[in-house]
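*Asks:* There's a structure below that I have some questions on.
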Amino acid sequence: MLNIGNSITSQFIQRNMSHQIKEITETTERLSSGKRVNRASDDPASVGLISRLNAEILSIGEAISNGAEGKILTQTAEGGLSSINNLLARIRELAVQGGSSTLTTADRNTLQVEIDAYLTEIDALTNLITFNTTKLLDGSTDKIQFLVGENKDDYISINLVKSDSTALGLS
């Protein structure tokens with residue numbers, strides 16, 4: 001059995017043990033978090049730099065998220081334009097078919113009814129294609145910007161064009 005004969009020696013041992021426990025706790029915390037600095041008392045000189053870097057990381061993460069939103073917006077607009085393009089191809093096919101001299105006036109009227117239906121569908125699509133609440137193809141919004149960097153000038157602009165039958169010169 002250990003006998004501590006003097007209170008000074010006892011205090012020294014207690015202080016030393018307390019210091020060792022503190023170091024083990026700090027080391028365990030660093031190992032478990034993977035960070036050298038977990039609180040300001042670990043390295044006061046580095047705290048400002050670490051805070052700035054963390055803020056930059058969060059800003060860049062948000063910029064990446066904004067870029068992803070821009071990509072989804074363009075894919076949505078592209079899908080709508082692709083549908084309109086398919087309808088235009090069908091309208092062209094009907095127009096070529098209507099140019100044949102073998103068709104009667106009734107045949108041409110039937111083709112025109114079908115073309116008018118496609119034009120109505122194009123107009124409906126331009127009002128239907130939206131991203132969040134922004135209509136993309138009806139001409140109500142000219143440009144959308146996405147901040148994709150940390151600086152105030154790090155924008156990507158997407159120009160939106162009215163794509164209904166009137167704007168396409170089909171009415």
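The values are calculated or read from the model by the stated rules, or taken from the named source; none is laboratory data. None of these values were measured; they are calculated from a predicted model. Note: ideal-geometry Cβ built from the backbone for every residue, glycine included; neighbour counts use all protein chains shown. Each accessible area value is taken on the protein alone, full model and side chains, heavy atoms only, with ligands, DNA and RNA left out. Shrake-Rupley method; radii C 1.70, N 1.55, O 1.52, S 1.80 Å.
*Asks:* Considering amide H positions built from the backbone, and no H for Pro or chain starts, which residues 5 or more places from Tyr155, or on another chain, come under 5 Å of its amide H?
*Replies:* Here Val148 satisfy the definition.
*Asks:* Right, next: With each label point set 7 Å from Cα along the Cα-Cβ vector, what nm distance links Lys35 and Ala95?
*Replies:* 6.4
*Asks:* Kindly rank 79-85, 15-21 from highest to lowest mean number of other beta carbons found within 10 Å of each residue.
*Replies:* On the way: 79-85: 15.6, 15-21: 10.0.
My ranking of the peptides, most packed first, is 79-85, 15-21.
*Asks:* Something else now. How do 49-61, 126-138 rank on mean C-beta neighbours within 10 Å, highest first?
*Replies:* Details: 49-61: 11.3, 126-138: 16.5.
Final packing ranking: 126-138, 49-61.
*Asks:* With θ taken as phi - 60° and the coefficients 6.51, -1.76 and 1.60, list the Karplus ³J(HN,Hα) couplings across region 59-71 in order, rounded to whole Hz; mark glycine and proline as x.
*Replies:* 5, 5, x, 5, 4, 5, 4, 4, x, 5, 5, x, 5
*Asks:* Taking the simple approach of a point 7 Å from Cα along Cα-to-Cβ for both Thr9 and Lys135, what is their distance in nm?
*Replies:* 9.2
*Asks:* Now a separate question. Provide the solvent-accessible area of Ser7, counting protein heavy atoms only and rolling a 1.4 Å probe, rounded to the nearest 10 Å².
*Replies:* Accessible area, nearest 10 Å²: 80 Å².
*Asks:* On to the next question. Can you list the lysines whose alpha carbon sits under 25 Å from that of Lys71, skipping same-chain ones fewer than 8 residues off?
*Replies:* Straight-line reach from Lys71, under 25 Å: Lys135, Lys143, Lys152, Lys162.
*Asks:* Match the structure shown to one of the listed values (1) 34.8, 123; (2) 22.3, 75; (3) 17.6, 52 of Rg and Dmax of the Cα atoms in Å, computed from it, and give that label.
*Replies:* Structure-derived value, by its label: (1).
*Asks:* At R0 = 25 Å, how high is the FRET efficiency between Lys152 and Glu69 if r is their beta carbon distance? Nearest 0.05 is fine. Please list the in-between numbers first.
*Replies:* Values: r = 18 Å, r/R0 = 0.74.
It comes out at approximately 0.85.
*Asks:* Counting only heavy atoms of protein chains, what accessible area per residue, in Å², does the chain have with a probe of 1.4 Å?
*Replies:* Numbers: 12220 Å² over 171 residues.
I get 71 Å² per residue for this part.
*Asks:* Something else about it: What are the residues whose amide H is under 5 Å from the amide H of Phe131, where those residues sit 5 or more places off or on another chain and H is modelled from the backbone?
*Replies:* Excluding prolines and chain starts, which carry no amide H, the hits are Leu136.
*Asks:* Before rounding to the nearest 500, sum -39500 (n - 2.57) across all DSSP H runs of length at least 4 in the chain and divide by the residue total; then give [θ] at 222 nm in deg cm²/dmol. Show your work: numbers first, answer last.
*Replies:* Working: 3 runs with 103 residues, N = 171.
Helix contribution divided over all residues of the chain: -22000 deg cm²/dmol.
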